[in-house]
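Undergrad: Attaching a single structure in structure tokens format; questions to follow.
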Amino acid sequence: LKITAAGSNMGLFRYLQEGAVVQDLVVTGSVRPSGSAVNVGGIVGSNAGAVRNCNFHGTVEGTSAVGGVAGLNRETGEIARAVTSGTVTGEEFTGGAAGRTLGALLQCENGAGVHTAPPDEDTAMDRDRLTLYRHRDTGGIVGWSGGVVYSCLNTGTVGYPHVGYNVGGVAGRQAGHLSGCTNRGEVYGRKDVGGIVGQAEPDVALSPESGTLDRLRRELDTLENLIDRALDRSESN
């Protein structure tokens, strides 16, 4: 695969709509669109369907929402058992599996280097502004998550020394549910850098007297049931 045309929502598939399924697919090559380059993925630019048991090996580059498998994984999107290797580079929301997700990332593995190159020193912006505004939300699995990230593994290097905000071995910034994930790669950045998550938001205060813990346990049980059903569909297909 080789994509260099200008535009956004770029990948082998530009869009997967809800109900669409892509599975058992191996893609090699490069996705490096010029122009706006928002929502750029090795397999799909914008995903509202299911990508299961698919691998991408190569180079993915864009500006915002850049992922080895999908640039943007929407609310109904599911990416399960995807494997990525090579390099993934973006200015914001950059991840080995997905740049941004509001859906589910299940048992994904990333070995790609995610934003490991230095910033372009020829830019008109000074270095401080460059690192603050153009390299943020970088993760081994996902750059920014408002969905479910479950049982994922990162072994690739994430980030560049002293550059970038919100850099994590699994998620750069996450406001959803993340559990059972492992990072074995090196992680570099300037501020809000973590082995698993660079920045977790929102802050949650737990008060046992208020019943918050019981409510969270019930919600987690429901979530785990949804994850189990999604994995069962992936295995049966």
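The values are calculated or read from the model by the stated rules, or taken from the named source; none is laboratory data. Since the model is a prediction, treat every value here as computed from it, not as a measurement. All Cβ positions, even for glycine, are placed from backbone atoms using ideal geometry, and neighbour counts span all protein chains on display. Remember, those area values only see protein heavy atoms, side chains included, never the ligands or the DNA or RNA. Shrake-Rupley method; radii C 1.70, N 1.55, O 1.52, S 1.80 Å.
Undergrad: Note down the net charge around Gly77, summing +1 for each Lys or Arg and -1 for each Asp or Glu among other residues with Cβ under 15 Å from its Cβ.
TA: My count for the surroundings of Gly77 gives +3.
Undergrad: Tell me, what ³J(HN,Hα) does each residue in the range 137-142 have, in order and in whole Hz, if you take phi through Karplus 6.51 cos²θ - 1.76 cosθ + 1.60 with θ = phi - 60° and put x for Gly and Pro?
TA: So the J values, rounded to whole Hz, are 6, 10, x, x, 9, 8.
Undergrad: Right, something else. Give me the net charge for the shell around Gly169: Cβ to Cβ below 10 angstrom, other residues only, Lys and Arg +1, Asp and Glu -1.
TA: For residues surrounding Gly169, the net value is 0.
Undergrad: Computed FRET efficiency, Cβ-Cβ of Thr182 and Asp228, R0 25 Å: what is it to the nearest 0.05?
TA: The computed FRET efficiency comes out at 0.80.
Undergrad: With a point put 7 Å past each Cα toward its Cβ, work out how far Thr28 is from Ala117 in nm, to one decimal.
TA: According to this spin-label approximation, the distance is 2.1 nm.
Undergrad: Amide H neighbours of Thr28 under 5 Å, at least 5 residues apart or on other chains, H built in the peptide plane: list them.
TA: Amide H to amide H, under 5 Å and 5 or more residues apart or across chains, Thr28 pairs with His57.
Undergrad: Where a ≥ b ≥ c are the square roots of the eigenvalues of the C-alpha gyration tensor, would you call the range 2-46 rounded, which needs a/c under 1.5, or, failing that, prolate if a/b is larger than b/c, or oblate?
TA: oblate
Undergrad: What shape does the range 65-119 have by the C-alpha gyration tensor, where a ≥ b ≥ c are the square roots of the eigenvalues, rounded means a/c under 1.5, and otherwise prolate means a/b greater than b/c and oblate the rest?
TA: Oblate, since a/c reaches 1.5 and b/c is not below a/b.
Undergrad: For Val149, enumerate residues with amide H under 5 Å from its amide H, sequence gap 5+ or separate chain, H modeled in the peptide plane.
TA: Those lying under 5 Å, H to H, from Val149 are Leu105, His177, Leu178, Ser179.
Undergrad: Working with all protein chains in place, sort Ile196, Ile79 by solvent-accessible area computed with a 1.4 Å probe, largest first.
TA: Highest to lowest solvent-accessible surface, that is Ile196, Ile79.
Undergrad: Please state the shape class of the range 20-88: rounded when a/c is under 1.5, otherwise prolate if a/b exceeds b/c and oblate if not, all from the C-alpha gyration tensor.
TA: Taking the square roots of the gyration eigenvalues as a ≥ b ≥ c, the range 20-88 is oblate.
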